[in-house]
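Just below is one structure, and these are the notes that go with it.
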Amino acid sequence: MNQKIKGLLGTILSLTLLLAGCSAPAANIDSSKDKINVVATTTMLADLSTVIGGERVAVDGLMGPGIDPHLYQASAGDVALMQKADVVVYNGLHLEGKMGEIFENLTEQGSTVICIEDGLDESQLLAWEDNSSVHDPHIWFDVSLWKAAAKTVADGLAQADPDGKADYEASLDAYLKELDETDTYIRNRAAELPEAQRVLVTAHDAFQYFGKAYGFEVRGLQGISTDAEAGTADVSDLANFIVERQIKAIFVESSVPPKTIEALQAAVKAKGFDVAIGGELYSDSLGDADSGADTYLLTVKANIDTIVDALK
């Protein structure tokens with residue numbers, strides 16, 4: 001984009017935020033209100049904010065189930081919702097790749113913004129493909145990193161709402177125990193597979209943190225961002241890998257159209273080997289209300305169950 005045009009758009013957005021009125025800074029939040037209004041970008045963060053905030057918060061999620069955050073573009077209504085919020089929670093690490101300038105402007109205008117990236121230890125982050133200076137944003141697939149995210153949200157809410165600090169800390173302590181139990185569940189299920197069978201092939205490269213934490217070799221047809229298109233060579237190379245390793249199943253994702261994995265399955269078949277589509281994994285979104293996987297805890301358990309049952 002022409003730099004002058006980009007600068008003009010940034011100026012317009014800044015003026016829009018200023019004229020519309022931004023969220024009050026943390027110290028000025030009205031303690032007489034019934035709820036602290038929180039806006040979270042992804043379904044994972046909306047769930048986390050609800051768990052930690054409990055009865056003290058009212059949470060709005062920008063992205064519904066099945067929405068791809070890599071491609072999401074905020075509407076005027078989304079911007080207005082964030083302007084009015086007491087707290088805005090987002091992932092960072094370029095997950096919400098088309099919204100970065102909005103978060104910058106909200107912060108500059110004095111809104112209370114919680115960025116999960118800020119609470120993570122950089123040494124635990126994985127590189128975004130070959131770019132070592134940019135990190136993979138899919139941190140929720142490692143439960144230990146989601147524990148850090150939970151602490152970041154609890155700290156941010158306590159700063160925005162000091163009267164609720166004890167409540168947020170109690171919610172955090174209870175949730176950390178549930179996360180530890182979930183981590184153990186995932187490890188126990190993964191251990192049901194021989195090491196040679198722990199190969200996870202998915203629609204896009206969202207599961208590297210999962211692979212590192214739980215001992216799986218991971219291959220994604222598309223790159224870390226779904227902005228990247230899979231080419232013919234990518235399909236052919238991955239098909240050769242599946243045939244060579246005699247992999248039993250590959251997986252579609254809830255937030256990515258299934259056509260790429262179906263094309264991969266067809267390419268494998270053309271090479272004389274049948275690979276099953278082992279089921280649908282939740283990658284960049286939780287499940288909907290009818291899925292039985294509409295919370296983070298339920299989603300990561302559903303994923304490991306689907307993976308292990310299909311690869312056995």
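The values are calculated or read from the model by the stated rules, or taken from the named source; none is laboratory data. Source: prediction; values computed, not measured. Don't worry about glycine lacking a Cβ; one is built from the backbone with ideal geometry, like all the others, and counts go over all protein chains shown.
Would you check if there is a residue in the stretch 98-113 being of a type in the set (A, V, I, L, M), within 20 Å of the chain's Cα centre (by Cα), over 30 Å from Glu280 (Cβ atoms) and surrounded by 14 or more Cβ atoms within 10 Å (Cβ to Cβ)? It would help to see each step written out before you state the result.
Going through the stretch 98-113, the residues of a type in the set (A, V, I, L, M) turn out to be 99, 102, 106, 113.
Filter once more, keeping what is within 20 Å of the chain's Cα centre (by Cα): 99, 102, 113.
With over 30 Å from Glu280 (Cβ atoms) added as a condition, the list becomes 102, 113.
Filter again for surrounded by 14 or more Cβ atoms within 10 Å (Cβ to Cβ), leaving 102, 113.
Yes, the conditions are met somewhere in the stretch 98-113.
Checking Leu145 against (1) outside any strand (DSSP E or B); (2) free of Cβ contacts under 8 Å to residues at least 60 places away in the same chain, which test does it fail?
(2)
Might you check whether a residue that is charged (D, E, K, R), more than 21 Å from the chain's Cα centre (by Cα) and farther than 24 Å from Ala190 by Cα occurs anywhere in the stretch 278-298?
no
Any chance you could count how many residues in the stretch 80-97 are surrounded by fewer than 19 Cβ atoms within 10 Å (Cβ to Cβ) and either under 23 Å from Gly53 (Cα atoms) or touching a helix residue (DSSP H, G or I) at 6+ places or on another chain (Cβ under 6 Å) (or both)?
Residues meeting the conditions: 3.
Against the condition exposed (fewer than 14 other Cβ atoms within 10 Å of the Cβ), more than 15 Å from the chain's Cα centre (by Cα) and of a type outside the set (Val, Ile, Thr), how does Lys259 come out, does it pass?
yes
Which residues, taken from the stretch 194-213, are within 25 Å of Pro258 (Cα to Cα) and free of Cβ contacts under 8 Å to residues at least 40 places away in the same chain?
Correct list: Gly211 only.
Over 21 Å from Val300 (Cβ atoms) and of a type in the set (Ser, Thr, Tyr): is that true of Ser49 in this structure?
Numbers: over 21 Å from Val300 (Cβ atoms): no; of a type in the set (Ser, Thr, Tyr): yes.
Spelling it out, it is not the case that Ser49 is over 21 Å from Val300 (Cβ atoms) and of a type in the set (Ser, Thr, Tyr).
Take the residues in the stretch 147-173 that are within 15 Å of Asp47 (Cα to Cα) and over 19 Å from the mean Cα position of the chain (by Cα), then tell me which one is surrounded by the fewest Cβ atoms within 10 Å (Cβ to Cβ).
Leu172
Which of the numbered conditions does Glu122 fail, given that it passes all the others? Conditions: (1) over 20 Å from Met44 (Cα atoms); (2) in contact (Cβ under 8 Å) with a residue 40 or more places away in the chain; (3) of a type in the set (D, E, K, R).
(2)
Which residue pairs have Cβ atoms closer than 6 Å, lie 6 or more positions apart in sequence or on different chains, and pair a first residue in the stretch 150-172 that is in the same structural domain as Lys35 (by TED's automatic domain parsing) and in a loop (DSSP other than H, G, I, E, B) with a second residue that is at pLDDT 95 or above and hydrophobic (A, V, I, L, M, F, W, C)?
Between residues of the stretch 150-172 that are in the same structural domain as Lys35 (by TED's automatic domain parsing) and in a loop (DSSP other than H, G, I, E, B) and residues that are at pLDDT 95 or above and hydrophobic (A, V, I, L, M, F, W, C), the close pairs are Asp161/Ile36.
Provide a single number: the residues in the stretch 19-65 that are assigned to a loop (DSSP other than H, G, I, E, B), surrounded by 22 or more Cβ atoms within 10 Å (Cβ to Cβ) and modelled with pLDDT of 50 or more.
Final tally of qualifying residues: 4.
When you scan the stretch 201-312 for helices (runs of 4 or more DSSP H) that lie fully inside it, which ones turn up with 2 or more residues that are modelled with pLDDT of 95 or more and under 24 Å from Thr41 (Cα atoms)?
Counting at least 2 such residues, we get 208-214, 296-311.
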